[in-house]
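The values are calculated or read from the model by the stated rules, or taken from the named source; none is laboratory data. In this text, all values refer to a predicted model and were calculated from it rather than measured experimentally. Neighbour counts run over all protein chains shown; Cβ positions are idealised from the backbone, glycine included.
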Amino acid sequence: MKKLGISVIIVSWNTKDITDKCLSQMKKAVEFVKDKANVEVIVVENASEDGTPEMIAKKHPWVKLMPSGADLGYGKGNNFGFKKSDPKNKYILLLNNDAYVERETLANSLEYLEQNDGCDVMGCRLHFEDGRFQPSAGYLPTPMTVWSWIWGLEGIPLIGKLFSPFHPKDPEFFEKDRKVGWVMGAFLFMKREVYAKTKGFDENFFLYGEEVEWCRRAKEAGYNICYTPNFSVTHLDKSSAKGDPKELAKIFRREILGIIYYMKINYKSQMWWILPMTKLGVTLRLMIFSLLGNTMRQDAYKQTLEGL
């Protein structure tokens, strides 16, 4: 019986030690699944200046190191890696370099999609390094759910129940297998045909939000997005910021601007009220965090208003 093929694509940028651990964990998973699947691991190296390419070449020669020549961001970086991957492989895994798989992860992912005909794209349970649960899937955003998120309404017990939040935080949502609107890009295991047919990520996104927009297009193309809690992956989250307040501010700005770009693509006729509503909501956030003395959030919302 011919073995299946998996292409693992990891985008790396200036996180040498984290990428090192990611690849060390991945090697264990590749060894564990080798009787069932041939696996190629591609690292798209986004012009890191911290010695990451040299580290990979020295410590992980089994990896296909693909220098991109520039910081392409997440979406464009994955598109670059996909073009370099083996077209004969049935499956691909898009994995953040700050996501650490377990030994059984590839085997479990392969088994899940092989045994579930109704699933084309799959995300698993994520948790932080300290073991805390990490929300990683949700409903597709709508103007109303974006409004409730920007204004903080979804966090109010009675009002929040009126909406289906696009980023649920209730642990109960993640306790069973379900079809979802989107899954987090930290771990995206899928049939290769899905990425090929949808032509990958929208490269107008640089970082944050692209997986949500892509999942919408995948669903519109007739594919099913699934979440399973049956196995998990450690995801550090926002590791590229390295705790730097200025970098964290950029991340919060990109998250909001990414969602607004998503709205412009899918709800263009409603932007007449979505954009002013967003600006007012961001202004209110800026005022609140200014009063609280949270300078990182202040900077984030100032930058966001400048970009809207």
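Odds and ends about this structure:
- Within region 44-75, the residues that satisfy the criterion of being under 17 Å from residue 207 (Cα atoms) and either at pLDDT 95 or above or not in a helix (DSSP H, G or I) (or both) are 44, 45, 46, 47, 48, 68, 70, 71, 72.
- Top-ranked residue in region 134-145 [being among the hydrophobic types (A, V, I, L, M, F, W, C) and out of contact with any helix residue (DSSP H, G or I) (no Cβ under 6 Å at 6 or more places or on another chain); ranked as farthest from residue 186 (Cα to Cα)]: 144
- Verdict on residue 65 being of a type in the set (A, V, I, L, M, F, W, C), over 21 Å from residue 208 (Cα atoms), surrounded by fewer than 22 Cβ atoms within 10 Å (Cβ to Cβ) and in contact with a Pro (Cβ under 7 Å, 6 or more places away or on another chain): yes
- Residue match in region 82-91 (condition: under 21 Å from residue 197 (Cβ atoms) and in contact with a Phe, Trp or Tyr (Cβ under 7 Å, 6 or more places away or on another chain)): yes
- Options 194, 233: the member that is at pLDDT 95 or above and under 11 Å from residue 121 (Cβ atoms): 194
- Exactly one residue among 247, 213 is at pLDDT 95 or above and either assigned to a loop (DSSP other than H, G, I, E, B) or on the phi < 0 side of the Ramachandran plot (or both), and that residue is 213.
- Qualifying residue in region 175-197 (condition: in a loop (DSSP other than H, G, I, E, B), without any contact (Cβ under 8 Å) to a residue 40 or more places away in the chain and not aliphatic (A, V, I, L, M)): no
- Odd one out for residue 269, checked against (1) in contact (Cβ under 8 Å) with a residue 24 or more places away in the chain; (2) not assigned by TED's automatic domain parsing to the domain that holds residue 139: (1)
- Against the conditions (1) surrounded by 14 or more Cβ atoms within 10 Å (Cβ to Cβ); (2) in contact with a strand residue (DSSP E or B) (Cβ under 7 Å, 6 or more places away or on another chain); (3) closer than 29 Å to residue 7 by Cα, residue 135 satisfies every one except (2).
- Residue tally, condition buried (at least 19 other Cβ atoms within 10 Å of the Cβ) and either touching a His at 6+ places or on another chain (Cβ under 7 Å) or part of a strand (DSSP E or B) (or both), over region 4-36: 8
- Test: residue 1 is modelled with pLDDT under 95 and outside any helix (DSSP H, G or I): yes
- Cβ-Cβ contacts under 7 Å between residues 6 or more apart (or on different chains), taken from a first residue in region 113-129 that is more than 11 Å from residue 187 (Cβ to Cβ) to a second residue that is modelled with pLDDT under 95 and of a type in the set (D, E, K, R), are listed as 128/237.
For (1) in a helix (DSSP H, G or I); (2) buried (at least 19 other Cβ atoms within 10 Å of the Cβ); (3) modelled with pLDDT of 90 or more, each residue gets a yes or a no:
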{"position": "265", "(1), (2), (3)": "yes, no, yes"}
{"position": "277", "(1), (2), (3)": "yes, no, yes"}
{"position": "280", "(1), (2), (3)": "yes, no, yes"}
{"position": "285", "(1), (2), (3)": "yes, yes, no"}
{"position": "301", "(1), (2), (3)": "yes, yes, no"}
{"position": "305", "(1), (2), (3)": "yes, no, no"}
